[in-house]
1. I'm checking a number: the convex hull volume of the Cα atoms of the stretch 177-248, normalised per residue, in Å³. What is it?
2. Nearest 0.05, what FRET efficiency do Arg52 and Thr129 give at R0 = 51 Å with Cβ-Cβ as r?
3. Below 8 Å between Cα atoms, with a sequence gap of 6+, how large is the relative contact order for the stretch 185-244 in percent?
4. For each pair in Lys29/Lys123; Lys43/Lys75; Lys43/Lys123; Lys75/Lys112; Lys22/Lys75, compute the distance between the two Cα atoms and list the pairs where it is over 20 Å.
5. Under a crude label model (7 Å from the Cα following the beta-carbon direction), how far is Ser38 from Lys104 in nanometres?
6. How much solvent-accessible surface does Glu102 expose, in Å² to the nearest 10, with a 1.4 Å probe and all protein chains in place?
7. Given points 7 Å out from each Cα along the Cα-Cβ axis, report the Ile191 to Lys230 separation in nanometres with one decimal.
Amino acid sequence: MEEENSNTFETGKAERSVWLMKCPLVVSKSWQVHASDSHPVAKVVLSVDPLRHGDPSSLQFTMELAGTESANMPKSYSMNMFKDFVPMCVFSETNQGRVAIEGKVEHKFDMKLHNENIEEYGKLCRERTNKSMIKTRQIQVIDNDRGVHMRPMPGMVGLVASGSKDKKKATPVKGTDMKRTRRDRGELEDIMFKLFERQPNWALKQLVQETDQPAQFLKEILNELCVYNKRGTNQGTYELKPEYKKSAEDADAE
């Protein structure tokens, strides 16, 4: 039963008329400050021109703020009303996930400053800019003058300040995958035969270090000259094919 109640969509206020208003950021922040106050934050004044009865433009809406944090903050604003907007509704959702419709948007307003308040608003902007330029750094006296709080913590030993004169320059380390220059193919084959005369089995990593050649290029030569041992005591190594072993033995005999 609790799950059914939590999924209920409340529509009791569906026909209630509400207003949607776009207001300046400075006004929105002022209202957020006074959100917990029980006093009104502003009042809306509706002016009607009796000589233009029936004309929608005869209605003039203005808003006057009840109180502001800054003396330079404008208190009077005009509210431009729009009628031609897409129908909208206002919804709310509780922390328990219960959704309710709060009303239907009847009027949409755009809140703007009066021309006579432009000078006051300019002062407010300058005041806000000056506050942002004030340095927030403070000087604090340390009660414990024995330097207990300045002792290096575990793991900080060996660290050197970035501005220290004794800071060692990082020595460049030669990368293992640094670009290598390919040798002539015939020359490399001769080197390979001499290496296999020294020992019958070689791992690819060992041959790369001995020949200083790119691994991929070396694999191409090995696929032609050697057999790769996938199992046994020499697993993971290369050895010469039988026909090349015989050629090497004949060369030694001569």
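1. Working: hull volume 6.3 nm³, N = 72.
In the stretch 177-248, the Cα hull volume divided by residue count equals 87 Å³.
2. Numbers: r = 43 Å, r/R0 = 0.84.
So the FRET efficiency works out to roughly 0.75.
3. Numbers: 48 pairs, mean separation 20.4, N = 60.
After rounding, I find 34 percent.
4. Numbers: Lys29/Lys123 17 Å; Lys43/Lys75 10 Å; Lys43/Lys123 24 Å; Lys75/Lys112 11 Å; Lys22/Lys75 16 Å.
Table pairs above 20 Å Cα-Cα are Lys43/Lys123.
5. For Ser38 paired with Lys104, the spin-label model returns 3.5 nm.
6. Looks like 50 Å² after rounding.
7. About 3.0 nm separates the two model spin labels.
The values are calculated or read from the model by the stated rules, or taken from the named source; none is laboratory data. Since the structure is predicted, the reported quantities are computational estimates derived from the model, not experimental observations. Using ideal geometry, Cβ is built from the backbone for each residue, glycine included, and neighbour counts are taken over all protein chains shown. Ligands, DNA and RNA are stripped out before the accessible areas are found, and what is left, the full protein with its side chains, is counted by its heavy atoms. Shrake-Rupley method; radii C 1.70, N 1.55, O 1.52, S 1.80 Å.
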